[in-house]
1. Would you work out if region 56-143 is rounded, prolate or oblate? Take a ≥ b ≥ c from the square roots of the eigenvalues of the alpha-carbon gyration tensor; rounded if a/c is under 1.5, else prolate when a/b is larger than b/c, oblate otherwise.
2. Once you've got the Cα coordinates, tell me which of 23/218; 23/170; 89/143; 42/159 are over 30 Å apart.
3. State in Å² the accessible area per residue of the chain; use a 1.4 Å probe, count heavy atoms of protein chains only, and round to the nearest integer.
4. From the Cα gyration tensor of region 39-227, with a ≥ b ≥ c the square roots of its eigenvalues, which class applies: rounded if a/c is under 1.5, or else prolate if a/b is larger than b/c, or else oblate?
5. List the residues whose amide H sits under 5 Å from the amide H of residue 220, counting only those 5 or more places along or on another chain, with H placed 1.01 Å from N in the peptide plane.
6. Tally Lys and Arg at +1 and Asp and Glu at -1 over the other residues with C-beta under 10 Å from the C-beta of residue 94: what net charge comes out?
7. How much mean residue ellipticity at 222 nm does the chain get from its helices, if each DSSP H run of length 4 or more adds -39500 (n - 2.57) and you divide by all residues, to the nearest 500 deg cm²/dmol?
8. I want the antiparallel fraction of DSSP beta bridges within the chain, as a percent rounded to 5.
Amino acid sequence: MNISDVYKWLLNNQFCPLCDLPKEDGSPICSSCNSNLHRNAKQCRRCAIPLTTDASTCDSCKNQSPVFDQAFAPLLYRFPLPSLFHQIKQGKNPEQLNWMGELLADEFLSRWELDNRFTIMAIPMHPIDQVIRGFNQTEIFVKKLAQKSGLGISRALKKPIKTKHQAGLKRTERLKNLELPYQVCGTVPERVILIDDIHTTGATLNAASRALKLAGSKEIIALTLCRTPY
Ligand SMILES: [Zn+2]
Ligand SMILES: [Zn+2]
């Protein structure tokens with residue numbers, strides 16, 4: 001299934017993509033599934049990790065700040081997201097990305113004041129990985145946010161160097177794996193909303209942010225659908 005097939009499917013589908021029961025018109029998933037998702041209600045302003053205190057940032061960010069300036073993830077990486085992302089990364093069920101992208105855009109725009117000086121960018125895939133999978137899931141999130149916000153998109157960030165898959169690597173191996181895989185082509189926006197699907201160690205977002213800042217970006221918001229709670 002390619003991206004245009006996904007959009008055709010979406011136009012004709014009025015059932016909840018998670019439970020297959022009829023859903024309310026216009027909503028990406030039914031209200032029951034929506035209320036069962038695990039919300040990241042209180043999160044660190046810098047890295048989006050769930051917080052249990054009233055502080056605005058976590059202890060880890062106080063000791064060593066991420067390269068990006070702020071972060072937001074509306075959901076926690078808990079059921080049903082791990083199994084859905086596992087399928088999507090194998091090229092299956094890409095239509096699930098539609099409701100995820102809608103939810104991400106809706107929650108971001110309702111909880112952040114829209115600043116039209118920002119430009120949206122996706123964490124890119126290596127071109128060969130993208131051909132194998134047939135789509136970059138993060139691009140779908142980028143398009144949804146652009147449609148709903150009116151903000152522009154930049155594709156100046158590239159991933160010319162192939163890295164090992166992060167899943168299955170230990171934390172130190174992940175950080176080493178992502179030392180310099182991202183490069184910039186042309187000029188970069190000064191203010192960037194950098195989108196990825198899952199925020200885990202932050203290694204991917206930091207590596208991409210480092211490339212953007214070296215190329216001249218001044219402010220970066222790392223926006224992901226979900227956050228692992230560690
Ligand atoms: Zn449902
Ligand atoms: Zn933090």
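The values are calculated or read from the model by the stated rules, or taken from the named source; none is laboratory data. The structure displayed is predicted, hence computed values, not measured ones. Neighbour counts are summed over all protein chains in view; Cβ atoms, including those assigned to glycine, are modelled from backbone coordinates with ideal geometry. Keep in mind that these areas ignore ligands, DNA and RNA; they rest on the heavy atoms of the full protein, side chains included. Shrake-Rupley method; radii C 1.70, N 1.55, O 1.52, S 1.80 Å.
1. Prolate, because a/c is 1.5 or more and a/b exceeds b/c.
2. 23/218; 23/170; 42/159
3. In whole numbers, the chain has 51 Å² accessible per residue.
4. rounded
5. 69, 70, 192
6. Surrounding charge for residue 94 is 0.
7. About -10500 deg cm²/dmol.
8. Bridges in the chain are about 20 percent antiparallel.
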